[in-house]
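Nothing in this text is a laboratory measurement; each read-out follows from the coordinates by a stated rule. Please read these numbers as outputs of a predicted model, since none were measured by experiment. FYI the Cβ positions are ideal-geometry reconstructions off the backbone, even for glycines, and counts take in every protein chain you see.
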Amino acid sequence: MSVISKANKGTSILILLLNLYYIPMTLKIIIARGGTWGYGLLVLPIFLTFNLCLISAYHGFRGKNSESVGLLMFNLIASLVGAYILYDLAFKLYFE
């Protein structure tokens, strides 16, 4: 296994772990129809975009695409943005 393949698998695992938070929150917003005033619908496109990153995370595990540098960059950017949004939404609100 090369370094790129290991990095692809690592970022794919991070995307999968981050989606353990994003998928239930997406379903919660959809079921609640955006909340009382509908402000949850403003966050829904961001969550759905990050949920779609599961497709690239899946391709990061496949043998043929695990050596792709472009896929590594996309997964790395997606995992960094997803981790920042998770930090900003989940942790900053509760600890400030």
TODO: Could you work out the longest stretch of the chain that avoids the chymotrypsin sites (Phe, Trp or Tyr not before Pro) located in DSSP loops with at most 14 other Cβ atoms within 10 Å?
DONE: 40-96
TODO: Subtracting the Cα-Cα distance from 0.36 nm times the residue separation, let me have the gained length for Val43 to Tyr84 in nm, one decimal.
DONE: 13.3 nm
- [ ] Could you let me know the centre-to-centre spacing of the stretch 1-34 and the stretch 36-96, using Cα atoms, in angstrom?
- [x] 6 Å
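Find, among the trypsin sites (Lys or Arg not before Pro) in the stretch 38-92, those assigned to loop by DSSP (not H, G, I, E, B) with at most 16 other beta-carbon atoms within 10 angstrom.
Values: sites: Arg62, Lys64, Lys92; in loops: Arg62, Lys64.
Answer by residue number: Arg62, Lys64.
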Task: Rounded to the nearest 20 debye, dipole of the chain from Cβ charges on Lys, Arg, Asp, Glu - done: 240 debye
Open item on the list: Could you tell me the calculated FRET efficiency between Leu27 and Ile4, based on Cβ-Cβ distance and R0 = 35 angstrom, to the nearest 0.05?
Closed with: 0.55
- [ ] Treat the stretch 3-90 as a sphere of radius equal to its Kirkwood radius over Cα pairs and apply Stokes-Einstein at 25 °C in a medium of 0.890 mPa s; give the translational diffusion coefficient in µm²/s, rounded to a whole number.
- [x] 182 µm²/s
